[in-house]
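Following: one structure in structure tokens, then a few remarks.
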Amino acid sequence: MIKKCLIANRGEIAVRIISTCKKMGIRTVVAYSLSDKESLAVSLADESVCIGPQSASLSYLNLDHLCEAALLTHCDAIIPGYGFHSENAEFAKMVEECGLIFVGPNQKVLKLIQHKNSLKEIVRSLSIPVIDGTQKVIDSDEDLLNCATELGYPLMLKPVTGGGGRGIHIINDTKQLLEDAQRCKSQGFTGLYLEKYIPNSRHIEVQILADKHQNVIHLSSRNCTLQVNYQKFLEEAPFATIHPLLHRKIIQYALSIAKHIECDNIATIEFLIDEHDDVFFMEINPRIQVEHPLSEMISGIDIVEQQILAAANEPLSIQQADIDFNGYAIECRINAQDPKKSFLPSVGIISSIRWPSLKHCRIDTAIIEGQPISIYYDSLIAKVIVWGKTREQALLSISEALNQIEIKRISTNLDFLRYIIKQEGFIKGNYTSDLFNIAYPLWLTQQDEKNSHENQDRLICSKCKQTLTIKQRYDHQNVCEYCGYHLKISASQRIADLIDDETFIEIDAHATSINHDDFPGYSEKLISAKTLTGMNEAVVCGFGKINDITVCIGVLDSSFMMGSMGHVVGDKITRLIETAMDMGVPLIIISASGGARMQEGIISLMQMAKTAAALHRFDKASGLYISILTHPTTGGVTASFAMLGDVLISEPNALIGFAGRRVIEKTIKESLPEEFQSAEYLLEHGFLDMIVDRRHLKQVLTDCLKLHRRDKYE
Ligand SMILES: [Zn+2]
């Protein structure tokens, strides 16, 4: 029996192996790279040996170092885990040449599995369907095209040097085939081959236990249909939603393949099921799988223990009939990835983790709080596995488990997992690979909406940087309650703030500008302004009541276009003034704008004269005009109607001026005072009558209007 074992791996699988070794009384030595010196596996193992720097190729993939480490520490076996060299016949050979036990199938089996094409031939000879593909690698474009025609589209283009889904392309036509083959080569992938692509497929795998005494049994199936970039992320066992006869057939296929190749240790045999329930052999993984805990949960058998026993030449102590499969298990892989960026790996330090506390919930992880997630290795943070008596119970448990998990300061796929387990297809269980393709875009849209809601929900005051919630902004009419800063608000918000409810009637609502002179880009600019603001032009005009006093009111909105004074705004303001005159009511205009609309040339400049003339007529008719200047009011607007009010009011800190500081300083060749265009400076110099906090504006306007009521004096 094995007494001391070198673990040639890292992360959660190293920790997983240590726990079984401890149970079996086997001493453990963890081989670690420099960046894993402080890892959980190192702290749990009896001994540890540094085998090289961070880069996997110099440490976990360095066969000489691994064998030396095992010999130096007097181990009698090496257990490879998954990934790295776990399936490498060459490694198994080296280990044996060192007089050590390789914990896995023998070299002959590994070599056979490595030669995918000869393996397929063997499987075919057992009358088990295999996915059609090219017999050997093809490098010339001509051969690629010929093979593709022979096989028929859609196809998968796979590089021999890929692995883990890298470099795989789904091909629908000739053009794409040549392009993607070129892309593969330019990315350094070599040895291309083609395989029939099975759309809407289901991925089923069978866990095999075998020994060196010709015993082969199975631990039922796992459903690994859900994958991102050919990486599994959510698996369940058994595959319960296919017909029991189909399930039995697949188990039989797996057993006969394992027996035929004389597999003498654990292995997983993978198949695809197409839309017509036809089954195709895919590949064999002669090692422990990431998702092995699922089979352990439903069978009660420790697979790592069986792997070690078989390697140590022990005959299987379990008969197929002894195994009492019980219940359902679901596994989620929590990865350090950014699902918003196509699941790209994310790096960083996890500041805190909270794992679920639930019955029948297993967490396989090696993560310690404060530990960095390195770019050097895979992005698996943890596996969460739950068990339920029924699939429904397992579904409830996984949902609860995912909800209880909290991982801080690194982006993970957790939120996407929470989303996909709630999809109808997943709940029903009869999903295909398409479930991901459907759910992912939906999830992305939901994230966008969530973000925009969150952004609307909270806003940072640009002056004092305090966070303002919707309620705070509502309560204070969009004035920062900490520093009094007046946030920018829309024309419709201003009308809602000032005009009595349900009394506002808009006029000329449909008037909208057109590009008279075919000014380049103006038509597009108008369309985008209209779509973004939902307005037809940069001013809203109409009449309504302020504390029961009827007024005509126009409000400019600078978010439409800073250069507001086009022919339509000029017309609307003029018609508003005339309406006020006809109705015999006061006029209020709230300005916020940059002035001339250059795209309309001289027509724009004429609006200044037109509005000013209308105001002159209004004045002659003894109309009251209150002009309210808000941030920013400049250019042609200041130079015409905005400065012509009988009463000039401004909001605090508003920028009011004609030209900008730089232009004025250049023209008059003098430097200007610091605050010269602020409302406060203008008030001090007699340009304004008062500065009014937005929260008091309605009251001030009411007082003003009452003071000037004609009927009071008539
Ligand atoms: Zn503030």
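Once you put a point 7 Å from the Cα of V347 and another 7 Å from the Cα of H260, both along the Cβ direction, what distance in nm separates them?
Simple spin-label model gives 4.6 nm for this pair.
Let me know the charge dipole size of the chain about its Cα centre in debye, to the nearest 20, where only the beta-carbon of Lys, Arg (+1) and Asp, Glu (-1) is charged.
The calculated dipole for the chain is roughly 740 debye.
Per-residue HN-Hα couplings for the range 204-209, Karplus 6.51 cos²θ - 1.76 cosθ + 1.60 at θ = phi - 60°, whole Hz, x for Gly and Pro?
10, 9, 10, 7, 10, 10
Return the distance in nm (one decimal) between the two label points of a simple spin-label model at R183 and S357, each offset 7 Å from Cα along Cα→Cβ.
About 4.9 nm, to one decimal.
Could you tell me the calculated FRET efficiency between S462 and I438, based on Cβ-Cβ distance and R0 = 30 angstrom, to the nearest 0.05? Mind dumping the intermediate values first?
Values: r = 41 Å, r/R0 = 1.37.
The formula returns an efficiency of 0.15 here.
Based on alpha-carbon centroids, what's the gap between the range 545-579 and the range 1-16 in Å, whole number please?
Going from one Cα centre to the other spans 77 Å.
Taking 0.36 nm per residue of sequence separation and subtracting the Cα-Cα distance, how much length would be gained by fully extending the chain between R709 and S125, in nm to one decimal? Mind showing how you got there, number by number?
Working: separation 584, 0.36 × 584 = 210.24 nm, distance 10.24 nm.
So the chain would gain 200.0 nm between R709 and S125.
Going by C-beta contacts inside 10 Å, put L444, L209 in order with the fewest on the left.
In increasing order of surrounding Cβ atoms, one gets L444, L209.
Taking the Cα centre of the range 1-144 as origin and charging only Cβ (+1 Lys, Arg; -1 Asp, Glu), how large is the dipole, in debye to the nearest 20?
So the dipole magnitude of the range 1-144 works out to roughly 740 debye.
Would you work out if the range 303-410 is rounded, prolate or oblate? Take a ≥ b ≥ c from the square roots of the eigenvalues of the alpha-carbon gyration tensor; rounded if a/c is under 1.5, else prolate when a/b is larger than b/c, oblate otherwise. Walk me through the intermediate numbers first.
Values: a/c = 2.58, a/b = 1.50, b/c = 1.71.
Because a/c hits 1.5 or more and a/b fails to exceed b/c, the range 303-410 counts as oblate.
Taking the Cα centre of the range 477-713 as origin, sum charge times position over the Cβ atoms of Lys and Arg (+1) and Asp and Glu (-1), and report the length of that vector in debye to the nearest 20.
With only Lys, Arg, Asp and Glu charged at Cβ, the dipole is about 300 debye.
Using the alpha-carbon atoms, what tilt in degrees (0 to 90, nearest 10) does helix 174-186 show relative to the longest principal axis of the chain?
For helix 174-186, the angle is close to 80 degrees.
Mind listing which chymotrypsin sites (Phe, Trp or Tyr not before Pro) in the range 634-714 are in a DSSP loop and have 16 or fewer other Cβ atoms within 10 Å?
Here the chymotrypsin sites (Phe, Trp or Tyr not before Pro) that fit, given the DSSP loop and packing criteria, are F658, F676, F687.
Once the dipole of the chain is set up with Lys and Arg at +1 and Asp and Glu at -1 on Cβ about the Cα centre, which of V663, M156, C98 lies farthest towards its positive end?
With unit charges placed on the Cβ atoms, the residue in question is C98.
Just to confirm the number: angle between the C-alpha axis of helix 567-583 and the first principal axis of the chain, 0 to 90 degrees, nearest 10?
50 degrees
How far is helix 141-151 tilted off the main Cα axis of the chain, in degrees rounded to 10, range 0 to 90?
80 degrees
What does the C-alpha gyration tensor say about the overall shape of the range 477-713? Classify as rounded when a/c is under 1.5, otherwise prolate if a/b is larger than b/c, or oblate.
rounded
When the Cα centres of the range 522-544 and the range 30-48 are compared, how far apart do they sit, in Å?
65 Å
7 Å from Cα along Cα→Cβ at both L63 and D132: what's the point-to-point distance in nm?
3.7 nm
Which of C552, T630, L66 sits farthest toward the positive end of the charge dipole of the chain, with +1 on the Cβ of Lys and Arg and -1 on the Cβ of Asp and Glu?
L66
Assign one of three labels to the range 132-197, namely rounded, prolate or oblate, based on the Cα gyration tensor with a ≥ b ≥ c the square roots of its eigenvalues; rounded applies when a/c is under 1.5, prolate when it is not and a/b is larger than b/c, and oblate otherwise. Could you put the intermediate results ahead of the total?
Values: a/c = 1.43, a/b = 1.34, b/c = 1.07.
Judged from the Cα gyration tensor, the range 132-197 comes out rounded (a/c under 1.5).
Could you pull out the GluC sites (Glu not before Pro) across the range 4-111 that fall in loop regions by DSSP (anything but H, G, I, E, B) with no more than 16 other Cβ atoms inside 10 Å?
Counting only loop positions with at most 16 other Cβ atoms within 10 Å, the GluC sites (Glu not before Pro) in the range 4-111 are E38.
Among C184, S399, F436, whose Cα projects farthest towards the positive end of the dipole of the chain, with charges put on the beta-carbon of Lys, Arg (+1) and Asp, Glu (-1)?
Projecting each Cα onto the dipole axis, the largest value belongs to S399.
Tell me what the chain gives for mean residue ellipticity at 222 nm when only DSSP H runs of n ≥ 4 count, each as -39,500 (n - 2.57), the sum divided by the residue total, rounded to 500 deg cm²/dmol.
One gets -11000 deg cm²/dmol as the mean residue ellipticity at 222 nm.
By count of other Cβ within 10 Å, fewest leading, how are Y82, Y328 ordered?
Ascending Cβ contact count within 10 Å gives the list Y82, Y328.
Find how much the distance from K428 to Q214 grows on full extension, using 0.36 nm per residue of separation minus their present alpha carbon separation; answer in nm with one decimal.
Contour length minus the Cα-Cα distance gives 73.2 nm.
Relative contact order for the chain: what percent, with Cα pairs under 8 Å and sequence separation of 6 or more?
The value is 7 percent.
Quick one: length gained pulling L245 to Y153 fully straight, 0.36 nm per residue minus the C-alpha distance?
30.1 nm
Coordinate-derived values only; no laboratory data. Every value quoted in this text rests on a predicted model; they were computed, and no experiment measured them. In this analysis, Cβ positions are derived from the backbone assuming ideal geometry, glycine residues included, and neighbour counts consider all displayed protein chains.
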